[in-house]
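As C-alpha cells, the structure follows; a few thoughts come after it.
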Amino acid sequence: VALLGRPNVGKSSLMNRFLGPGEQRSIVSDVAGTTRDAVDAELDVDGAIFRFVDTAGVRRKARVKDGTETQMVGRALKAAKLADVVLLVVDATAEITDQDAMLAQRIADDGRACVVLANKWDIYEDKNEGSTREVLKVLRETLTAVSWAEVVFCSAETGQR
C-alpha cells in the first residue's frame with residue numbers, strides 16, 4: 001500500500017497513525033522534502049500482513065530543481081506503480097491542484113487500486129454536510145482519472161476516521 005501525494009499533505013503522519021502509538025516510522029515535519037526516500041513498514045491486521053510505503057512528496061516537474069529531488073520523485077512514482085493499492089493523499093484544506101490530477105492519472109494509467117484520503121479534515125473550516133458534498137464534488141471533478149475511487153475524509157493528527 002503506497003501513500004502518494006504532493007509535499008506536506010500528511011503522508012508521513014498517516015503512515016505513523018496507521019502503525020499505531022509508539023511506531024513513529026516516518027519523520028514528520030512542516031518542512032517540505034523531509035521524506036527523501038520511500039519508507040516502508042509492515043502492519044499485521046488479524047494475521048494479514050500489509051506493507052505500507054510512505055513516499056516523498058511529488059511536486060510538478062517544472063518545480064523540481066535538482067537531481068536529488070528528481071530521484072525522490074522517481075522512487076515515489078515507482079513505489080506507487082509496484083503497489084497493489086495507492087492511497088492518494090490530498091490536503092482537504094487546500095485547493096486540489098493539477099498536480100493532484102496528474103498523480104491520479106498516473107495511478108489509473110498504472111492500473112492500481114486507489115483510495116483518495118482527504119487529510120486534515122479536522123481543521124477544515126465550516127464543516128457541514130453541504131461543505132462535505134462540495135469538497136467531494138471538487139475531488140470527483142478534479143481527479144477524474146480515479147473518479148471511481150472511494151474518498152475518505154480523515155485526520156492523521158486526530159485519528160478521525
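Between V85 and A2, the built amide H atoms are under 5 Å apart, and every one of these is 5 or more places off in sequence or on another chain. In order along the range 83-92, the phi-based Karplus estimate (6.51 cos²θ - 1.76 cosθ + 1.60, θ = phi - 60°) of 3J(HN,Hα) comes to 6, 7, 9, 10, 9, 7, 9, 10, 8, 5 Hz; Gly and Pro are listed as x.
Bridges between two residues of the chain, per DSSP, are antiparallel at a rate of about 30%. Rolling a 1.4 Å probe over the protein heavy atoms of the chain, with every protein chain left in place, gives an accessible area that is 48 percent carbon and sulfur. Here the Karplus relation 6.51 cos²θ - 1.76 cosθ + 1.60, evaluated at θ = phi - 60°, turns the backbone of the range 3-8 into coupling constants of 9, 10, x, 5, x, 6 Hz, with x for every Gly and Pro. Remark: spin-label model distance A113-T70 equals 3.6 nm, labels positioned 7 Å along the Cα→Cβ axis.
Backbone geometry of the range 153-160 corresponds, through the Karplus equation with coefficients 6.51, -1.76 and 1.60 at θ = phi - 60°, to 3J(HN,Hα) couplings of 8, 8, 9, 5, 5, 9, x, 4 Hz, x marking Gly and Pro. A straight chain from I49 to E129 at 0.36 nm per residue would run longer than the Cα-Cα distance by 25.3 nm. Per residue, the Cα convex hull of the chain amounts to 114 Å³.
The values are calculated or read from the model by the stated rules, or taken from the named source; none is laboratory data. Everything quoted here is computed from the prediction, not taken from an experiment. Cβ atoms come from the backbone with ideal geometry, glycine included; neighbour counts cover every protein chain shown. Note: areas computed on protein heavy atoms with side chains; ligands, DNA, RNA excluded. Shrake-Rupley method; radii C 1.70, N 1.55, O 1.52, S 1.80 Å.
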